[in-house]
Amino acid sequence: MSFSFSIISGTILLLISLIYSVNVLAQDKIMTLSGKYLDVNITDDSGANVFFDVQKKNGKTRKISLHKGELFSVQKDGKEESVLYAQDLDFGYDLSEEDIRHLIYGQHDAREGYNANPSMIGGFAVGFGSSLYLGSGLVPLTIPFAYSLAMQIPYIKIKQKTISDQAYTLNDYYKEGYNKTARSKKMIRSFLGCATGVVLGMGISELTQ
């Protein structure tokens, strides 16, 4: 009986310690000006930089530091958010705190929710088909650049399911932040997809000659 009680007690203590360690590791929050929300453990924010630990998916921690000029706000120990951003025309920070906050919300929603995979798949098809038709040479290598630039022309549609708060859609800075980040994702994915198609197509062309 005492043996079973010891096992149960040990298990409970282990669970408590694990829960506590997770809470300690991710007790703080950081919001960057690029639209990233991070759960971190801030170790030092007394200087110009904020030093913190981030837990990776494999359970290990990574030590990172960011200059306070890259951050919008920090939240320590579950307390009230402390905004680091300040409007300063001399340094190019011309937006108000409210405007930059909505810009960040738009960047975050696009970063998390915008799906650029269709552009990547289309890029692969264009790159692969074009390189098979044109064969090897310098011309096919220019296709990824042309395709990724062309993918900047279509209108970026903000889908409702990617919006964290429907009230944001009424704000122009939210739309600007969303559009900017979505286009960046679209350009990168388009280029990678098309480049992969070109390389594969050129390889097949060489083998079949």
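The values are calculated or read from the model by the stated rules, or taken from the named source; none is laboratory data. Treat the numbers as computed from the prediction; the structure is a model and nothing was measured. Please note: Cβ atoms are built from the backbone with ideal geometry, for glycine as well, and neighbour counts cover all protein chains shown.
Among the candidates 129, 137, 123, 113, single out the residue that is buried (at least 21 other Cβ atoms within 10 Å of the Cβ) and assigned by TED's automatic domain parsing to the domain that holds residue 181.
Only one candidate qualifies: 123.
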Just give me the residues in segment 42-69 being within 14 Å of residue 28 (Cβ to Cβ) and more than 19 Å from the chain's Cα centre (by Cα), in sequence order. 42, 43, 44, 45, 50, 51
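Report yes if some residue within segment 101-120 is more than 29 Å from residue 69 (Cβ to Cβ) and of a type in the set (A, V, I, L, M); otherwise report no.
Residues of segment 101-120 that are more than 29 Å from residue 69 (Cβ to Cβ), as a first pass: 115, 117-120.
Okay, now just the ones that are also of a type in the set (A, V, I, L, M), so 120.
Yes, that holds for at least one residue.
Just to confirm my filter: which helices (runs of 4 or more DSSP H) fall fully inside segment 104-209 and include at least 3 residues that are of a type in the set (Lys, Arg)? I'd like the intermediate steps shown before the answer.
Values: elements: 117-134, 139-150, 172-208.
It comes to 172-208.
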Hey, any hits in segment 74-88 for a residue that's more than 13 Å from residue 30 (Cα to Cα), in contact with a Lys or Arg (Cβ under 8 Å, 6 or more places away or on another chain) and assigned by TED's automatic domain parsing to the domain that holds residue 29? no
Qualifying residues in segment 158-186 (those that are under 13 Å from residue 102 (Cβ atoms) and among the small types (Gly, Ala, Ser)) - the one surrounded by the most Cβ atoms within 10 Å (Cβ to Cβ): 177
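In segment 1-89, which strands (runs of 3 or more DSSP E) lie fully inside it and hold 2 or more residues that are over 30 Å from residue 99 (Cα atoms) and modelled with pLDDT of 80 or more?
On the way: elements: 28-32, 37-44, 49-55, 61-67, 71-75.
Once the strands (runs of 3 or more DSSP E) in segment 1-89 are filtered for at least 2 residues that are over 30 Å from residue 99 (Cα atoms) and modelled with pLDDT of 80 or more, what remains is 61-67.
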Please state which of the following conditions residue 194 fails to meet, knowing it meets all the rest: (1) surrounded by fewer than 17 Cβ atoms within 10 Å (Cβ to Cβ); (2) touching a residue at least 12 places away in the same chain (Cβ under 8 Å); (3) not hydroxyl-bearing (Ser, Thr, Tyr). (1)
